[in-house]
Amino acid sequence: MFQSTQIGDLTVQCYAQWPVDEVLISRWKTLAQSVSSATAFQTPIWQTAAWSALHGRDLRLFTFERGGQLIGVLPMHFDRQGNLTTFGPSVSDYLDPLFIEPKTILNGLSTIYQNVTKNVTFCNIRESSSLRTEMPAIAQRFGFSCQEKIVEYTPAITLPKTWDEFLNSLDSHERKELRRKINKAKREAGAKFARDEGNLETALKFMEASGSDKSLATHKYLRPLLQQAAPTLIAHGQLDLLTLYLHERPACCLFQFRHAAGPMLYNCGYDPATKQWSPGQVAIGLAVQNAITEGFQTYDLLRGQEAYKYRLGAVDRPLFRISLSKA
């Protein structure tokens, strides 16, 4: 532990090294389960793997307790400019602070770092986050100015009740093409789509075979992150590894987080040798179909404004960066 501070009935602890206390990790997991807006990105499983994969340094992980109850966890670090900022936004799409009481955040941070930190940045904040509505007034109280900026978008599809309704909502050309490609893959290549957690290495190889910046990022960061986090998340029912089989062989793999609001597509990769079958489009189409069948209302395509997302009817949802500056 780096520092512990008592603020009335609130205990704020700050870790400069990644915590390995199993009791704390267990309480963190429980907190993530109790916050309805939380995603896999805010769990200790994902955050621990991200810290390891990104070779994080100068950690400042804050925990907030009241009456013996863990009410908040906030993994941050000092960036190269010396600013206190959210850790891991490059690999974690949603990083709203994991809190039962968001208003305690700045109270704790200001008390510990009031003479050190002039700038605090919260990354990848969703539009619906209470941090956006509460932080300006709280920041002003502690002498900070507060600014927010849209930095990225997470396109998402609002799902109808049936697959036919979904197809009918698409542009006529896109509807015909998606239906044609799925039918062709089933008819001519015996397409099957299933959860298969044993295909982790295959999925990573497909992602590395993309021949783009994605292949380099996968090899350097996503491979170690997913190798560490995916098996545990799968075992805890928080992640699905979905595989499209063509001619009885894996052709495309999707990493899809589970969430109460609907599935979240994190990443995918396909075998370049099967490109003629449009395996990525077929697999994502079938994933959307499964989500509709399971009764979800949203299919979240997460960050990135790739054209295929909008062809599927996705609508942009903004992600914000909230910056606090102290005079």
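Numbers at a glance
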read-out	value
Verdict on Leu170 being touching a residue at least 40 places away in the same chain (Cβ under 8 Å) and under 23 Å from the mean Cα position of the chain (by Cα)	no
Residues (in a helix (DSSP H, G or I) and surrounded by 16 or more Cβ atoms within 10 Å (Cβ to Cβ)) located in segment 183-196	Ala185, Ala189
Scope segment 3-19; condition out of contact with any helix residue (DSSP H, G or I) (no Cβ under 9 Å at 6 or more places or on another chain) and of a type in the set (A, V, I, L, M, F, W, C); matching residues	Ala16
Where a residue in segment 111-138 is at pLDDT below 85 and its partner, wherever it lies, is among the basic types (Lys, Arg) and surrounded by 15 or more Cβ atoms within 10 Å (Cβ to Cβ), with Cβ under 7 Å and at least six apart	Lys118/Lys326
Conditions (1) closer than 18 Å to Thr104 by Cα; (2) at pLDDT below 95; number of the one not met by Leu59	(1)
Segment 243-259: number of residues that are more than 18 Å from the chain's Cα centre (by Cα) and not β-branched (Val, Ile, Thr)	9
Residue ID - modelled with the lowest pLDDT, chosen from residues in segment 142-182 that are assigned to a strand (DSSP E or B) and crowded, with 17+ Cβ neighbours inside 10 Å	Phe144
Only listed residue being in contact with a strand residue (DSSP E or B) (Cβ under 9 Å, 6 or more places away or on another chain), at pLDDT 95 or above, surrounded by 22 or more Cβ atoms within 10 Å (Cβ to Cβ) and over 26 Å from Gly190 (Cα atoms), chosen from Ala229, Ala283	Ala229
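The values are calculated or read from the model by the stated rules, or taken from the named source; none is laboratory data. This structure is a prediction, so every number in the text was calculated from the model and none was measured. Ideal geometry is used to build each Cβ from the backbone, glycine not excepted, and the neighbour counts take in all protein chains shown.
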